Ligand code: KG4
Ligand code: ZN
């Protein structure tokens, strides 16, 4: 380790993944331990907050030890501790936050408060440093947001879902198709084998804003399946998936294009769990190759699309440089919005 290298121990526990990572200079992963709880939540068809908190408590110390060992560093080598403090499930957030505060206090290290959405965006920083002004589309189980970043440390949400998040819609229609939670990846695979034959609605596509809505699409999908069941008609799961996915991808690409035409950005970032979707990645590849050759298009690396602490460490690095530190009174904020506006 060189003398001026920066090492951050990062924590993420906002939903159903307990994760601890050691990140060097904001762009190199020395370790990224992710303990997933999916199996415990599958039988309920979604994340049960109380179950999630208990798992985090069981896993957090093991994750810290594993992350430090795999990175082969000691606490003396660390420069800071970073933690997701919102948005997310309050009980889950509190476990990571308490552990991070404890390490920071015990080893006299600064504590960097990180917004989970900012973490998703910075997953792309492992490919290349973000070039501002930038725009990000964050699509996950809990969020669908267009975030404008005019410069480092400034985040403005210019569009968001009015109801369900895109990933949430995937999980809900997946349930109707009899798929296990979380269903996004499986629906993506089925869609690959099918065709858009149902022509589901593209909500808000023509509205003069950057917002999204997926609940109408979800209802339309569910009604179609229930109606077919009532008349004993068997529908193709592949075509249903393809039709649903076409509708989701269409509006995500359309509204992003509208935002890009409206703003002057140098980079576009696709991030969050749904950013792993093959069709969404392909459609954006085509859009940027054909229409916006002068704008950098960065996708979060596939392995870092879901929740993980590495992305939190990457997001914490510019905050470290800007001197954004919290004291011991930092609390979990389940409904956290962007707060950083540093000049
Ligand atoms: O970012 P993430 O791990 O957790 C949240 O912060 O929500 O995102 C999880 C979401 C789930 O809804 C899951 O179904 C969805 O991402 N997802 C996908 C794909 N892989 C995961 N959705 C569509 N296509 C995929 N390939
Ligand atoms: Zn997330």
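Rounding to the nearest 10 and keeping the result within 0 to 90°, find how far the Cα-based axis of helix 49-71 lies from the longest principal axis of the chain.
The two axes meet at around 50 degrees.
Relative to the longest principal axis of the C-alpha atoms of the chain, give the angle of the C-alpha long axis of helix 278-290, reported between 0 and 90° and rounded to the nearest 10°.
90 degrees
For the range 172-234 and the range 268-343, what is the centre-to-centre distance using only Cα atoms, to the nearest Å?
27 Å
Provide the gained length on full extension for the span residue 50 to residue 321, in nm with one decimal, where the gain is 0.36 nm per separating residue minus the Cα-Cα distance.
Result for the pair: 94.0 nm of gain on full extension.
Dividing the convex hull volume of the Cα atoms of the chain by its residue count, what figure in Å³ per residue is obtained?
About 131 Å³ per residue, rounded to a whole number.
What nm distance separates the two modelled labels at residue 74 and residue 209, each placed 7 Å from Cα along Cα→Cβ?
Computed distance between label sites residue 74 and residue 209 equals 5.6 nm.
On full extension of the chain, what length is gained from residue 197 through residue 264, given 0.36 nm per residue of separation minus the C-alpha to C-alpha distance?
Result: 20.4 nm gained on full extension.
Please list the radius of gyration and Dmax for the range 130-300, considering alpha-carbon atoms only, with Å as the unit.
Reported Rg and Dmax, both Å: 16.3, 56.
Can you tell me, using C-alpha contacts under 8 Å and at least 6 residues apart, the relative contact order of the chain as a whole percent?
25 percent
Report the Cα centroid-to-centroid distance between the range 1-48 and the range 83-108 in angstrom, as an integer.
12 Å
Counting DSSP beta bridges in the range 130-300, what percent are antiparallel, to the nearest 5?
50 percent
To make sure I understand, if each residue's beta carbon is the centre and we count other beta carbons within 10 Å, what order do 227, 254, 143 fall in, fewest to most?
If I rank by nearby Cβ atoms, fewest first, I get 227, 254, 143.
Comparing 311, 204, 149, which has the greatest mean-square fluctuation in the GNM of the chain with Cα pairs linked when under 10 Å apart?
Answer for the Gaussian network model of the chain: 204.
Express in nm, to one decimal, how much length is gained between residue 38 and residue 160 on full extension, taking 0.36 nm for each residue of separation and deducting their alpha carbon distance.
Between residue 38 and residue 160, full extension yields an extra 41.3 nm.
Report, in degrees rounded to the nearest 10, the 0 to 90 angle that the Cα long axis of helix 184-193 makes with the longest principal axis of the chain.
Helix 184-193 and the main axis of the chain meet at about 40 degrees.
Modelling each spin label as a point 7 Å along the Cα-to-Cβ direction, I'd like the residue 329/residue 278 distance in nm, to one decimal.
5.2 nm
No value in this document is a laboratory result; all are computed from the given coordinates. Since the structure is predicted, the reported quantities are computational estimates derived from the model, not experimental observations. Note: ideal-geometry Cβ built from the backbone for every residue, glycine included; neighbour counts use all protein chains shown.
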